[in-house]
Each structure stands twice: as structure tokens, then as C-alpha cells.
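Report on the structure given below.
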Amino acid sequence: MKGIIFNLLEEVIGAAHGPAAWADLIDAAGVDGAYTSLGSYPDAELLRIVETSAAALGMTPAQVLRWFGRSAMPLLAVRFPHLFANHATARNFVGSVNAIIHPEVRKLYSDAICPHFHFTNRSDGALLIAYQSPRRLCPLVEGFVEGASDHFGEAVTIEHLTCMLDARPLCQIAVRWPT
Amino acid sequence: MKSAPIDLPNPLHARLDQLERQLARERQARQAAEAIAEAGLRALYESKRSLALLQRITDRANDSDTLTDAIAFAQAEICAEMGWDFANAFLVFSMSEAVPCDCWHVANPAHLMPFIQVSRTTTFPRGVGLPGRVLANPQAHWIPDVRADENFARRDIAIACHIVAGCAFPVMARGEVVAICEFFSRKAVEASEPLIEILAQIGIQLGRVAERETARETLLRDAQQDPLTTLPNRVLLLDRASSAFARLGPDRCGLAVLVIDLDGFKAVNDKLGHDAGDWLLVATAARLRDAIDETVGGESVSRVLGGDRYANPDRARRTRATLARTGGDEFVVLLENVTDENLPHRVADALQAELALPFSIGRDEVSIGASIGIAQSNLSYGDYDAVQRDADLAMYEAKGAGRAKTVTFTETMGTVVRQRMALERDLRGAITENQFVLHYQSIVDLQTGAIKGFEALVRWQHPQRGLVPPGDFIPTAEGTGLIVFIGDWVLREACHAIARLHAQMGSDCLDPPFVSVNIAPQQFLQPDFLRYLRSVVMETGVPAHCLKLEVTEGVAVLDADRTRRVLEKCRDIGVRVVLDDFGTGYSSLSYLHSLPFDMIKIDRAFVAVMDQPKSLKIVRTILDLANNLGLMVVAEGIETPEQQSALTALGCEMGQGFWLSRPLEEAAAFAQLT
């Protein structure tokens, strides 16, 4: 996992729970990476921090990931404004993840392993997102979609149709932005 | 000097504040350093990729004789690099209009057919639509969102085909736009300064090909002689042939045309270089000339400056031959005053015999051959062009029949070609009207009789002709490139069907049935095949290990290295690959050894004659071989219980055939599972 994800998590946790919270979590999780944005760190370290946060906050790890994804979006908008500038809607922005956002990520972090999302426009107007990754971070995907919708000032409903966490081959997430 | 700590009043909390400020400064420093490194990395990455793309296109442009060849290569490369779905090109005449040149590339055909059709047939005046804009203002133009673009003539159909973004750039030669390349995508594609700069550079490199092409055409027009072989060129040939046709008697007999296209010349050119290729053409021309002289008699082949050819009435009645070089590796023999209707065939035989002997180029020995098409004039022809067109047609037939073949044009052949053209037209309609259906044939565990999976087989529900079997339209689809569209539909539909079946069976099914789909060589060797395959798997939700792709040795014959890489990557994403029709090709063992297949299908030809001891031995050998290489085996074409038990006794795992189950419609096929 790239260091920038740890940095974002640090910022999100710091903003919500005070400057010392991150250092406390790191100690409690028993990890000690330097976490510079350009470095790579074991996925397991992120999961440990998420699990430790979940225990401390009385949440499930999935809830922490979802909250993290949603709260990280404003920080990403400050850090990478050009990725947001050309989109008028959350749907359009989300749709650019494979073609623009992930290629941009790979430019900065050549060893980054990005998931591939497959998008289908369902006839009822929903956007169907298919996600497949051995990391199984679908709650983070949901959080990012919520955060993106906040950014564009849109309401959103998310329905997880099939989930890798239930031993299905891939996740299918139906997203609706009622207009 | 003695060092001593600086003694300042500093209570503990002040010290703590100081450390926190220092920590904040350190964090800022780290973030600033990261930002600088990130900006540098991004710039480096982009320029490396762009330069590599430009380099590939420049290399190809240097080797291309025609602008469309260079553009076709650039289209595929740019689509793959920048993620466009469709590329199209226009030629520009006197800076006034952009005319489509049937040079296009489709990376991912889903939904795009109507847009492709209109794009490859519409001409744009200056200023109108995307190509017209490039023509009026020669630089890269970008359409970030087609819906919001007022000057985009194909907007409605583009929206209907889900197109989102487009761009176009000019190909410049001597300061003028000579061609326009345009690209479209179903996704947003962002413009950037470096990207626009690289497209401009690509336009200039492609322009060099156009400059060379124009220069060469001018030379050819000016001279009537092919400078390399000193033979008459196309211009002189047409001139002579047209006058000869005009001199024909009332029965319009006596003129024959042989169109000769060398087989294997391009391979020599690619392998030994252009100098060797040129030398080979000169040597070939000399041999052809000798063969004709010998067959027709005397020095019958007229040289370029024939001078006063018709001054002597006796000479004018003699059978005469003109040998011309009309293209890269294409020659034409024009025979005049033919009284013996077998003469053209004897000439063709003599030419074939001459070319059957190998040529020595330095230390290399090379063999080429020729495909020859013959047409003879008769009352049905109104001009010379029609005779040569039919000879061309016969030559293409010869080419299709293999190396070193001669074919004479007949009326029946004309009818067959017209029928093929009608079939092609119907096929285009079938693709837009979605007239295809899939049938599924069970693939069965021979021991237990359990269904392991299905092979998806395409049928064409023709509105007049009814259900058309694949053998009647797939060859035409392959010959016209339409196979890519049909193959796309088949793959998607088969994956959807099997995903539907899995959903019905529930997720607790331990061994879900697979679906096996035939992939044509053109489809398999498309540069974006893997990206496309992945997107189909994601879109349909079929578990990758339940999808098997069947390819024939044909793909490996076309490009063995690429085939191996694509097969490996298919397996990386979990999709299984099957070698179809095993045993019918000519070097099966070497492919089996070097290509990473999961499974082979024993061709029906062996199963059909298994009652003969020799065939039984072959099947046993194939099974041993597969076993040693760790490959699964399916026997195809099982039509009798005897064949099934013989195969089972030999340890063949799976089988397929009419005896086990015929191909059935989806519902009936899948109902066999319950």
C-alpha cells in the first residue's frame, strides 16, 4: 500500500480526534513505518491501523474504511485539484477513475497496484460498479463514492449487490444519484 | 575551545512547545520534498511514455511506403497508449475537404458500429465537424464532451453510441494538411500540453511518409518506366493495353492479361532488408522476361521504348507480350494477338516453373512463388480495365488457394464474388440488427457423464434464409474484418449467459460449469485484446476461471511471440486457454511446447475414424502427450457410443459431440444440468 494512503488516514484521524491520536494508534497497532507518500508499506500495516482504530472508536473495520474514504476526498481535492476540475458531476468524476485517476497514480507511484473498476450504465439510471481486488477494500470504494458526491454537492444512494467479502468472485455496487 | 551547554531559562512546557513546532516544520519539509519529487516523477513518466510512442510511430513511418499503412499503425498504438476506443482517418485534397480513406481501428467495438459506419463514409468540408475544424485551423482539436459540442456533425449518433470524448490532429506535409486522424472514446480523456505536443509531432512524422509517397508518385507519373527493373510501369501498360483493346476485332478475342503477385516477397524484404528486396525484384523481372520470351517465341517481350512497333504489318499480327511492374511486388503480363487460347496458361506455367527455383542473395537462399490470375478478353468486356479487374479477382482467388497457384477467371467466379459481396452486405446488416444467436453444446466428463461446461457456437438468424451455420459466414466475416464485431458479441453474450446460469445455480455450487468461446486470430491479436477481455469479464461478472478461450494454431502461425505473450497474460487474469482443432495443423508439437495452453481439443477428424488402428494410435499418442504436459483434453465430434467408450478406455477426460448432446438454445442447453 502506498504511503500516501497512510498520510491521508493520519490527516483524517488527526482532524477528527486530535493531533496525538495518530501517534497513539501507531503505538497501539504495533507498526512503525516512516510513511512517506512515495514509499510502499505492507497492506497488513494499514489493516492493523484500521482494526485498531475500529476497536478504539467502537466501529467495525468496514465502517472505519468507509468513513476514511468519505473524509479523505476533500483532502484529495486540495492535493490533486486538476483531477476534479474537468468534471461537473460526481458520476462523471467517478467514471474517470480507470482512465485518468489511476494512470495519474501510476505516474507518481510506478509500483502502485490499482484496482480496475468496470462501469455499466444500468437501464434504470444507476451506475453499476464492478470491483475485483485481492485487497477486498470495497467499503473504501463506497466511502470514496460518498466523498465524491459530497464534493459535487449531490445526494447518493449506494447498494452493494454482490460482495467479495461474501465469497463472490467480484463486488457489484449500484450507485444512484437522484436528481 | 571548551564546549558548554547554552544556559537559557527554559521550563519544560516551553521545551515541549518548541519540539512540537519543530515537528510541524519537519512535517512541512517532508511534504514539500514529496511534492517536488512527485512533480518530477510525473513529468518524467509522461515524457518517457510519449517519447517511446513517438519513437515507435517514427520507426514505422520510416519503413512505410504508404501513408495509410503508417496511419494504421499509429492508430493502433495511440489507441492502446491513450485509451481511445476508435480511430479513423481522412485524406485531404487541396485543403478543401476531408475524405474518409477506410483506414480505421477499433480497440473496443461494443456499441460503436453505427458511429464507425458513418465515420468511414462521411466527407467533411472545411470548417464543418471535427475534421473540418482541423482543416480550417491545423492543430490538435479536443472535444472533452461530445454532448456539449456545437460543431460536431456526428453528435447524435455519437451520443447514441455512448461516445464521450474525441480529438483530432492534422498530418502535415510541406506546411499543408494532407490527412487528419481522429480518435474517440467512451470515457473522458483529458487534454494536456505535452499530449497535444506529442500528437503534433506524430502528425509531422506521418507527414514525412506522405511527402515520400507524393514524390514517388510524381516520378512514376513522369516516367513510363519502372526505374528499378526497367520494365514498363502501370501508366505505360494501361496506355498500351487500352490501345490494344481498341484494336480488337468484332469478337473482342485475342487479348489476355496475367496478374502476378509474388508470394513471400515481403518476408524477404523484412528479413534481409530493402536492398536485398530490390535485388530480388530485378532478378525476378529477368526470369519472368526469359520465361515469356521462351514461351511466346523470340524476343516477344517489348522493352519500354518499343519505338516503331506497328510499322511492320507482319509484326503487328504477331503474338506479343508486355511485361510491366505495376506495384511493389506485382507484375502484369499483357498478351496481344493471342490465337491459341492455351497460351496464357502455358505462359503462367513457365513463370511458375522459373520462380520455383530458389534465388541466391549473398549467402542466403530464398524461395518465392507467385499467385497468378488470368483473364481473356471476350464480347462481354467493354474496356480493358474490366479485363484487368477480373484478372485481379482471379489472382486474389489464387492467393487464397495458397502459394504458387494459377487461377483463370470464369463467369462462375464472378457470380461467386458477387454473392460474397452480397453476403458481406447482409453481414453488416446482421451486426447492426443483432441477428446472431448462440447455441451451446455440452462438454461432458466421459467417466461420469456429468456436464463440465459448454462451448458457445454462433448462428446467424437470417431474416430470409433462416438459421445460417457458421461455416457459411465466418470465412467472409474473417476476410472483411467484421469478425471482430461478431466475436465481440459472442464473447459478451456467452459470458452473460454463463453468469446468468451461475446466478441461477447459486453461489454454493462447488464446480460451476465453464463456457468455452472461439476467438478468431484477428480478434486475439488486436493490440488491446487483454484490456478488452478484462473489461468483458468485469462487466459480465463471469468468474475468470469459468471462461475458456479457444484459439487455433492459426494465431501462432501469424505471430508466435505475440500469441505466447497474450496467452500468458490471459492465464494471469485467470482465463483458461484452449488449443482448438488439435492435430489438423502442420507443426502442432512445437506450438504445444512453446505456448502455454491449459487444454487441447482433439479434432473430430481423428475421432471419426477411431475404429482404424492407426487413428486409435494417434489419439492415444495425443492423450499421452497431453498427460505428460499436464494439459486437459476434450475429444470433439463423438458421434457413437463406441467412440465414447474407446476414448474413455484411453483415459480421455472430456468429450463433446452429437452422441453426447447437440448444440442447443440457451434454455434447453442449460436445462440439461437440472
Problem - Meets criteria (in contact (Cβ under 8 Å) with a residue 40 or more places away in the chain, more than 26 Å from B:Gln117 (Cβ to Cβ) and small (Gly, Ala, Ser)) for B:Ala375 - result: yes
Practice task
Tell me which residues, restricted to segment B:500-537, are within 13 Å of another protein chain (Cβ to nearest Cβ), surrounded by 20 or more Cβ atoms within 10 Å (Cβ to Cβ) and in contact with a Ser or Thr (Cβ under 9 Å, 6 or more places away or on another chain).
Solution key: none
Practice task
Please specify each residue of segment B:61-82 satisfying the condition of being over 19 Å from the mean Cα position of the chain (by Cα) and surrounded by 18 or more Cβ atoms within 10 Å (Cβ to Cβ).
Solution key: B:Met82
Practice task
Please enumerate the residues belonging to segment B:567-576 that are in contact (Cβ under 8 Å) with a residue 24 or more places away in the chain and surrounded by fewer than 22 Cβ atoms within 10 Å (Cβ to Cβ).
Solution key: B:Glu568, B:Lys569, B:Arg571, B:Ile573, B:Gly574, B:Arg576
Fill in the blank from the handout: Note on segment B:503-527: residues at pLDDT 90 or above and farther than 28 Å from B:Ala87 by Cα are B:Pro512, B:Pro513, B:Phe514, B:Val515, B:Ser516
Handout entry: All positions within segment A:148-173 that are hydrophobic (A, V, I, L, M, F, W, C), in a strand (DSSP E or B) and crowded, with 16+ Cβ neighbours inside 10 Å
Key = A:Ile158, A:Cys171, A:Ile173
Exercise for the section: Output yes when any residue across segment B:108-126 is assigned to a helix (DSSP H, G or I), away from chain A (no Cβ under 14 Å), over 24 Å from the mean Cα position of the chain (by Cα) and surrounded by fewer than 16 Cβ atoms within 10 Å (Cβ to Cβ), and no when none is. Expected result: no
Problem - Exclusive hit being more than 16 Å from the chain's Cα centre (by Cα) and either within 14 Å of chain B (Cβ to nearest Cβ) or among the charged types (D, E, K, R) (or both), set A:Gly18, A:Gly30, A:Gly3, A:Gly58 - result: A:Gly18
Problem - Given (1) over 18 Å from B:Ser661 (Cα atoms); (2) of a type outside the set (D, E, K, R); (3) part of a helix (DSSP H, G or I), number of the condition B:Val578 does not satisfy - result: (3)
Exercise for the section: Confirm whether A:Glu159 is within 14 Å of chain B (Cβ to nearest Cβ) and over 15 Å from the mean Cα position of the chain (by Cα). Expected result: no
Completion exercise
From the option list B:Val416, B:Val444, single residue qualifying as assigned to a strand (DSSP E or B) and either on the phi < 0 side of the Ramachandran plot or polar (S, T, N, Q) (or both) is B:Val444
Practice task
Being in contact (Cβ under 8 Å) with a residue 60 or more places away in the chain, more than 12 Å from chain B (Cβ to nearest Cβ) and either aliphatic (A, V, I, L, M) or crowded, with 17+ Cβ neighbours inside 10 Å (or both) is the filter here, so list the residues in segment A:85-139 that pass it.
Solution key: A:Ala90, A:Leu137, A:Pro139
Completion exercise
Of the residues in segment B:538-559, those that are buried (at least 22 other Cβ atoms within 10 Å of the Cβ), assigned to a helix (DSSP H, G or I), more than 11 Å from every other protein chain (Cβ to nearest Cβ) and of a type outside the set (Asp, Glu) come to B:Val555, B:Ala556
Completion exercise
Flagged in segment B:135-165 as in contact (Cβ under 8 Å) with a residue 24 or more places away in the chain, more than 14 Å from chain A (Cβ to nearest Cβ), buried (at least 19 other Cβ atoms within 10 Å of the Cβ) and within 18 Å of B:Gln117 (Cβ to Cβ), in numbering order, are B:Arg154, B:Ala158
Fill in the blank from the handout: When restricted to B:Glu190, B:Glu182, the only residue within 24 Å of B:Ile57 (Cα to Cα), of a type in the set (D, E, K, R) and modelled with pLDDT of 90 or more is B:Glu182
Exercise for the section: Please state which of the following conditions B:Trp659 fails to meet, knowing it meets all the rest: (1) more than 34 Å from the chain's Cα centre (by Cα); (2) part of a helix (DSSP H, G or I). Expected result: (2)
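The values are calculated or read from the model by the stated rules, or taken from the named source; none is laboratory data. Worth saying up front: this structure is predicted, and the values here are computed from it rather than measured. Neighbour counts are summed over all protein chains in view; Cβ atoms, including those assigned to glycine, are modelled from backbone coordinates with ideal geometry.
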